[in-house]
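Have a look at the structure below before the remarks.
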Protein chains: 2
Amino acid sequence: MAVTIYDVARHAGVSPRTVSNVVNEYAFVSATTRERVKRSIDTLGYLPNLTARNLRRGRTGMVALVLPEPLHIPYFSELSAFVLDEVAKRSYTAVIEQTDGEPERERALLSANDRGRLFDGFIFSPLGLNSKEIASLAVKAPVVLLGERVSSGPFDHVAIDNVSAAKCAVGHLVALGRRRIAAIGHQPYETGETARLRTQGYRETLEAAGLAYDKRLVVSTPLFHRDNGAEAMARLLALAKPPDAVFCYNDLLAVGALRTLLRAGVRVPEDVAVVGFDDIEEGRYLTPALTTISPDKQAIASLAVKQLFKRLDGDAGRPVDFEVPFRLAVRESTQGGSEACEGPPPRPKAGRP
Amino acid sequence: MAVTIYDVARHAGVSPRTVSNVVNEYAFVSATTRERVKRSIDTLGYLPNLTARNLRRGRTGMVALVLPEPLHIPYFSELSAFVLDEVAKRSYTAVIEQTDGEPERERALLSANDRGRLFDGFIFSPLGLNSKEIASLAVKAPVVLLGERVSSGPFDHVAIDNVSAAKCAVGHLVALGRRRIAAIGHQPYETGETARLRTQGYRETLEAAGLAYDKRLVVSTPLFHRDNGAEAMARLLALAKPPDAVFCYNDLLAVGALRTLLRAGVRVPEDVAVVGFDDIEEGRYLTPALTTISPDKQAIASLAVKQLFKRLDGDAGRPVDFEVPFRLAVRESTQGGSEACEGPPPRPKAGRP
DNA sequence: TCGGTAGTGTACATCGATGCAAGGATCGAT
DNA sequence: ATCGATCCTTGCATCGATGTACACTACCGA
């Protein structure tokens, strides 16, 4: 039915191998032959069967982008758009897998128990599995981790410096003269490494500024969604002494917090300033527009994909950690002038010992 | 390296063919053999090589979800999440392709000039190609179209009734007593079928209510993004007689419009009521929360995927049109009581003549 | 004249699974 | 004892491409 390499070979009067050589741009094919074959290919409308090619080459031609949340979470959809593009540039196919943070699903995907070694490599944003579990998985394909560092695990890793970023955000609030600065999004769970780092940055900044660390101002949330933010903010407003600023661990929490504030008639930023994290597009169109930590998502995508393909091409060097640049995007929800605090330069950080 | 069917066969002392029979749950395998093979499979950790299987079966095991906009557009990311799940349920892999509405890219994907018949089927949300062009493509794989109907083309089709939905939205504004109702999102372009239908519903509702159709209140936008909405709203506010309500052709436009209104100190809904279209999560957390037409996205995804798989399973019946249910979600941006107007029941509409 | 090598093209095996068709085994019926 | 039918298992070919190894032609320098 479909045109195969044999059909082309017959039509051009050469062997299938020669057709293959032309298709793959093997150097030693005479100009004449090459032209003849190319004409046959065009005439017949031949397209290589990628399944066959991949079987022969021992690859699947696909990499998975494993996400801990459904695609409708803006941070991940924005990131995914970049990753898809980067992968497509390399004539590979990227498949998005949604784990919903379920450890079982993450395990299954990575250890390829799921669809049967369907992927040549993984870009993995873990949630359900903690560092040790991930490191202990016997994964055969290259994996690049996104997000929190798996300490000295066998994987490459791309992440923002969460402590610095949190310091940047909270420092901004301090500089604006805020004194009761709350935090929304702490996670006392096993997998909440991101949250822990951000809380650390928050705490250190307060202490450096001579502000007391008040437990009641740190609200834990099970997830990082809008409704969690709304609920957390409600709890903060109910305090005897409510905060005059909030640092939300992501923009969705901030969206929810803002909603609660505005519904309660609290003025933002006059009464309460709000800072988010992620810089999703949604935040720029809020009223007031959201001040937020803006990680370079394009950089995350391109560093991760680039590193993954290095591994696919056989690079067997030590695992590498990349630190992704970020900046504070100051907008109306804090309104201060334009504080500058930026992350590191856009390049690799260091190989690990 | 990887465990193959031969390894299992040797280990279990049977032929590869028998292993295959067990894996594929062929009926006539003795309980004893089946058990033995299964044990070997577990012991060795065998996983079928899907590439090989697909080659043999003449399939790729993949379907493409072809989107006209990047994934970070909320409507599409929400829809994609559903589609991915539906496809995964069927042990197939869904791949998201972003065309950015480029006709060339759409053409290439569908006519499989791109990656070489990589997909067994397509769920295609067209933008760059118009009805005729799509219909004229010589696509071999089954295609289910999302969005505007390709009149009597050879494809199955899932869409909302845009005219009714627009009527529902505008009718709601009329019922609230609004008299100068604007529309944002008209598209005089060749591919703007969605927009045209919505404008039609808008216009018919006005006329039915005895309100004049005023060209100046209908603002065209090149795209359906937030900034287009913001800009369009600014233009409307600059009119000598600004509107007292706006019907936006999607929620992103409404987000932008709302932003402009709030920045200008216009009260919503008191001075201007706003209705959107799509019911993205973002709208529910706006202040004021966005009234919007809520299409059943889960239904879109499941109808489209179900129909696609019918085709993959060999159903060669006439092309079918599905009409997707919708409802008006009344929220703060119009604030009226709870108008009810719903779309059709959730089932197939009709086969075409 | 002969060996060497660079340039072209081909034959055959192979990647890992499944379709096909036929070979045995078992059992009941005649 | 023989025949069929049913149940179970297998050998071989095949899906469409590419890796390997080798054959053949020119042309080079010795």
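May I ask you to derive the relative contact order of segment A:147-223, considering only C-alpha pairs under 8 Å and at least 6 residues apart, and to give it as an integer percent?
Value for segment A:147-223: 36 percent.
Would you tally the net charge around B:Ala245, using a Cβ to Cβ cut-off of less than 10 Å, leaving B:Ala245 out, and scoring K and R as +1, D and E as -1?
+1
Within straight cross-link reach of A:Lys241, meaning Cα distance under 16 Å, which lysines are found once same-chain residues fewer than 8 apart are removed?
A:Lys215
Let me spell out the model: positive unit charges on the Cβ of Lys and Arg, negative unit charges on the Cβ of Asp and Glu, origin at the Cα centre of segment B:162-295. What dipole size does that give, in debye rounded to 20?
Its charge dipole is roughly 460 debye.
Equivalent ellipsoid semi-axes for the protein assembly as shown, as square roots of 5 times the alpha carbon gyration tensor eigenvalues: give them largest first, rounded to whole Å.
Semi-axis lengths for the protein assembly as shown are 45, 36, 23 Å.
Relative to the longest principal axis of chain B, what angle (0 to 90°, nearest 10) does the C-alpha long axis of helix B:297-312 take?
That works out to roughly 40 degrees.
Helix A:74-89: angle to the longest alpha-carbon principal axis of chain A, degrees 0 to 90, nearest 10?
Taking the Cα atoms of chain A, the angle to A:74-89 is about 20 degrees.
Which value at 222 nm does chain A reach when only helices count, each DSSP H run of 4 or more adding -39,500 (n - 2.57), with the total divided by all residues and rounded to the nearest 500 deg cm²/dmol?
It comes out at -12500 deg cm²/dmol, rounded to the nearest 500.
Quick one: Cα centre-to-centre distance for segment A:1-40 and segment A:264-329, in angstrom?
48 Å
Scan around B:Asn250 for amide H atoms under 5 Å from its own, H built in the peptide plane at 1.01 Å from N, and keep only partners 5 or more places away or cross-chain.
The list, which skips near neighbours in sequence, is B:Phe277.
Taking the Cα atoms only, what angle lies between the long axis of helix B:31-44 and the longest principal axis of chain B, rounded to 10 degrees?
Its long axis makes an angle of about 70 degrees.
By its C-alpha gyration tensor, with a ≥ b ≥ c as the square roots of the eigenvalues, how is segment B:55-125 shaped: rounded for a/c under 1.5, else prolate for a/b larger than b/c, else oblate?
It is oblate, given that a/c is not under 1.5 and a/b is not larger than b/c.
Counting only Cβ atoms, what residue of chain A lies nearest to the axis that sends chain A onto chain B, and how many whole Å off?
A:Ser77, 2
Run the label-point distances for A:Asp214 please: 7 Å along Cα to Cβ, every other copy, nanometres, shortest first.
Copy-to-copy label distances for A:Asp214: 5.2 nm.
In whole Å, what is the distance between the alpha-carbon centres of segment A:44-109 and segment A:185-242?
Each part's Cα centre sits 34 Å from the other's.
Which entries of B:Lys89/B:Lys306; A:Lys297/B:Lys297; A:Lys132/A:Lys167 have Cα-Cα distances beyond 18 Å here?
Result: A:Lys297/B:Lys297; A:Lys132/A:Lys167 exceed 18 Å.
Can you run phi through the Karplus equation (6.51, -1.76, 1.60; θ = phi - 60°) for segment B:159-176 and list ³J(HN,Hα) in whole Hz, with x for Gly and Pro?
Along segment B:159-176, the couplings run 7, 8, 7, 5, 5, 4, 5, 5, 4, 4, 5, 5, x, 4, 5, 4, 4, 7 Hz.
I'd like the per residue volume of the convex hull spanned by the Cα atoms of segment B:162-295, given in cubic angstrom.
Each residue corresponds to 93 Å³ of Cα convex hull volume.
In nm, what does the list of distances from A:Leu44 to its counterparts in the other copies look like, shortest first, when each label sits 7 Å along Cα to Cβ?
Output for A:Leu44: 3.6 nm, nearest copy listed first.
Show B:Tyr202, B:Tyr46 ordered by accessible area, largest first, where the area counts protein heavy atoms only and the probe is 1.4 Å.
So the residues, ranked largest to smallest area, are B:Tyr46, B:Tyr202.
If r is the Cβ-Cβ distance from B:Lys89 to B:Lys132 and R0 is 25 Å, what FRET efficiency results, to the nearest 0.05?
After rounding, the FRET efficiency stands at 0.15.
Near the amide H of B:Val274, under 5 Å away, which other amide H atoms are found, from residues 5 or more places off or on another chain, if H is placed in the peptide plane?
Hits under the 5 Å cutoff: B:Val246, B:Thr334.
Suppose a student asked you for the relative contact order of chain A, using Cα pairs under 8 Å spaced at least 6 residues apart; what percent would you report?
RCO, chain A: 14 percent.
Provide an ascending nm list, one decimal, of label-point separations from B:Ser91 to the equivalent residue in each further copy; define each label point as 7 Å from Cα along Cα→Cβ.
Copy-to-copy label distances for B:Ser91: 3.2 nm.
Along Cα→Cβ, 7 Å out, is where each label goes; now give me the distance between the ones at A:Asp100 and A:Lys38 in nm to one decimal.
About 5.2 nm separates the two model spin labels.
Over segment A:5-48, what is the relative contact order in percent, taking alpha-carbon pairs closer than 8 angstrom and at least six residues apart?
Computed value for segment A:5-48: 43 percent relative contact order.
The values are calculated or read from the model by the stated rules, or taken from the named source; none is laboratory data. Keep in mind that what you see is a predicted model, and the values were worked out from it rather than measured. Glycine gets a Cβ as well: all are built from the backbone with ideal geometry, and neighbour counts include every protein chain shown. Calculation scope for accessible area: heavy atoms of the full protein, side chains included, ligands and nucleic acids excluded. Shrake-Rupley method; radii C 1.70, N 1.55, O 1.52, S 1.80 Å.
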